[in-house]
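So that we are looking at the same thing, I have put the structure below in structure tokens.
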Amino acid sequence: MTEFFDALETRSPAEREAAQMAALPAQVAHAQAHSAAMGEILKDVDAASVTSRAALATLPVTRKHALLDRQKASRAAGGDVFGGFSSLVRGPAMSRIFSSPGPIYEPEGSSADYWRAGRALFAAGFRAGELVHNSFSYHMTPGAFILESGAHAVGCTVFPAGTGQTEQQLEAMVDLKPNGYTGTPSFLRILLEKAKENGADIRSLNKASVGGEACPPSLTAWFKEQGVDVYQTYATADLGLVAYETASREGLVLEEGVIVEIVRPGTGDPVADGEVGELVVTSLNPAYPLIRFGTGDLSAILSGTCPTGRTAPRIKGWMGRADQTTKVKGMFVHPSQVADIARRFPQIRKARLVVSGEMANDQMCLQVEANEVDDGLRERVEGAIREVTKLRGDVQVVRPGSLPNDGKVIEDARSYR
């Protein structure tokens, strides 16, 4: 039994980085030529010059709300339902269209394992000839199809269970004796608890690939006690597989077909490895060529490589949402505004806006880490707060390195009692 899904997983980090940077200019050029939306977003970009992470970091970030806005505008005008982001046309090259909340419409290409989920399932121990009980939804959204295509790539047979109907699902599991489960961790727990309650024998189930929800270590340990090894998979309808858990249980390994950056929320500025920020992904998928797509999820790069021998970079996993937009005294304050204020002062290394007080008595305090402090810094920063947000706020200068490393640019500490 081979230990890795393919040889790409064990390339040296330098070899992987060189290959991805070599593929990047062609993908940017492809996006400009075959995706109307990306062509407009990247209209002033010289694709041939985007050959490094530093060059990539100069390109604009496209966040999910912007993708939705473009889709809505295009549909209202009777245009492309994908808002110009897909390079596929309906027919043999586009096997399915999905709808996520918004609605946001996503295409599925016809290539085998289009979502690249096979790598995650293989790392979770799924092998050819096994039966997978797939409890992700087969209705409108792509979750079930992402994992099903990955199971087929590994060589598994799939039972399309979908969601709900716990009793019928347990009956099928008793009869068919699946080896693995794909679905949410919460529904897997329901199945295991109901099986114990009913005396249903589903001991054939020994592994699972879960997603769509957080699965904390305590829950993973509970599953282990029930005889099921559970591994987390991080995938999205826009990007397919982004990262996956391995037997090392040390973060999530990045998929080979994506380039990941961690940026300060509200900006496109990369942060240092280890610092928490927004996960921004550039997809090397030619069918849906998203360049610097802001997922809205917080994470951080882990140092070193996976003890299993996989050499791709790793992230800590899902650490919350990056969109921390907060309403203060009836006005929205955005992370991008905090970044704008900090950017005006070279002394400021990091900033965090704390909103406190009780309802109808909001107070703002901008905490800043500064290398140098002069007598007029606080006053000038307070002026910038008023100019940018149209609200008054205090400034607190703290020592470098003292602000929490949790990715928060805006902390809502108000009391709602």
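The values are calculated or read from the model by the stated rules, or taken from the named source; none is laboratory data. Treat the numbers as computed from the prediction; the structure is a model and nothing was measured. Please note: Cβ atoms are built from the backbone with ideal geometry, for glycine as well, and neighbour counts cover all protein chains shown.
What are the pairs, 6+ residues apart or on separate chains, where a residue within the stretch 37-50 that is at negative phi has its Cβ under 7 Å from a residue that is β-branched (Val, Ile, Thr) and modelled with pLDDT of 95 or more?
Filtered contacts from the stretch 37-50: 38/291; 41/62; 42/28; 42/291; 45/28; 47/28; 50/28.
Filter the stretch 288-324 down to the residues that are touching a strand residue (DSSP E or B) at 6+ places or on another chain (Cβ under 6 Å), within 25 Å of residue 45 (Cβ to Cβ), at pLDDT 95 or above and not in a strand (DSSP E or B) and list them by number.
290, 291, 292, 313
I'd like the full set of residues that are under 24 Å from residue 284 (Cβ atoms) and modelled with pLDDT of 95 or more, limited to the stretch 127-141.
If we filter the stretch 127-141 for residues that are under 24 Å from residue 284 (Cβ atoms), which is where we start, we get 141.
None - no residue of the stretch 127-141 is under 24 Å from residue 284 (Cβ atoms) and modelled with pLDDT of 95 or more, so the list stays empty.
Spot the failing condition for residue 327; the list is (1) more than 30 Å from residue 45 (Cα to Cα); (2) part of a strand (DSSP E or B); (3) in contact (Cβ under 8 Å) with a residue 12 or more places away in the chain, and only one is missed.
Evaluating residue 327 over (1) more than 30 Å from residue 45 (Cα to Cα); (2) part of a strand (DSSP E or B); (3) in contact (Cβ under 8 Å) with a residue 12 or more places away in the chain leaves (3) as the failure.
Hey, could you check the stretch 224-262 for residues that are of a type in the set (S, T, N, Q) and under 14 Å from residue 210 (Cα atoms) and say which is farthest from the chain's Cα centre (by Cα)? Reasoning before the result, please.
Going residue by residue through the stretch 224-262, those that are of a type in the set (S, T, N, Q) are 226, 232-233, 236, 246, 248.
Filter again for under 14 Å from residue 210 (Cα atoms), leaving 232-233, 236, 246.
Working: 232: 13, 233: 10, 236: 7, 246: 17 Å.
Once the filter is applied, the top-ranked residue is 246.
Which of the residues spanning the stretch 272-284 are part of a loop (DSSP other than H, G, I, E, B), within 26 Å of residue 409 (Cα to Cα) and not charged (D, E, K, R)?
Of everything in the stretch 272-284, those that are part of a loop (DSSP other than H, G, I, E, B), within 26 Å of residue 409 (Cα to Cα) and not charged (D, E, K, R) turn out to be 272, 274, 276.
Report every pair of residues separated by at least 6 positions or lying on different chains whose Cβ atoms are under 8 Å apart, first residue within the stretch 209-237 and among the acidic types (Asp, Glu), second part of a loop (DSSP other than H, G, I, E, B).
213/184; 229/124; 229/125; 229/206
Quick check on residue 120: is it crowded, with 18+ Cβ neighbours inside 10 Å, in contact with a strand residue (DSSP E or B) (Cβ under 8 Å, 6 or more places away or on another chain) and either within 19 Å of residue 27 (Cα to Cα) or in the same structural domain as residue 235 (by TED's automatic domain parsing) (or both)? Before you say what the answer is, go through the steps one by one.
Working: crowded, with 18+ Cβ neighbours inside 10 Å: yes; in contact with a strand residue (DSSP E or B) (Cβ under 8 Å, 6 or more places away or on another chain): yes; either within 19 Å of residue 27 (Cα to Cα) or in the same structural domain as residue 235 (by TED's automatic domain parsing) (or both): yes.
So residue 120 fits the description; yes.
Find the helices (runs of 4 or more DSSP H) located wholly in the stretch 1-116 whose residues include 3 or more that are at pLDDT 95 or above, buried (at least 17 other Cβ atoms within 10 Å of the Cβ) and of a type outside the set (Val, Ile, Thr), and list them.
Details: elements: 13-34, 36-41, 53-56, 64-76.
Qualifying helices (runs of 4 or more DSSP H): 13-34, 36-41, 64-76.
Something else: Among the numbered criteria (1) in contact with a strand residue (DSSP E or B) (Cβ under 6 Å, 6 or more places away or on another chain); (2) within 21 Å of residue 230 (Cβ to Cβ), which one does residue 106 miss?
The one condition residue 106 does not meet is (2).
Moving to a separate point now. With a cut-off of at least 1 residues that are in contact with a Ser or Thr (Cβ under 7 Å, 6 or more places away or on another chain), name the strands (runs of 3 or more DSSP E) lying wholly within the stretch 343-405. Even if it seems obvious, please write down each step before you answer.
Working: elements: 348-356, 363-370, 394-398.
The qualifying strands (runs of 3 or more DSSP E) are 348-356, 363-370.
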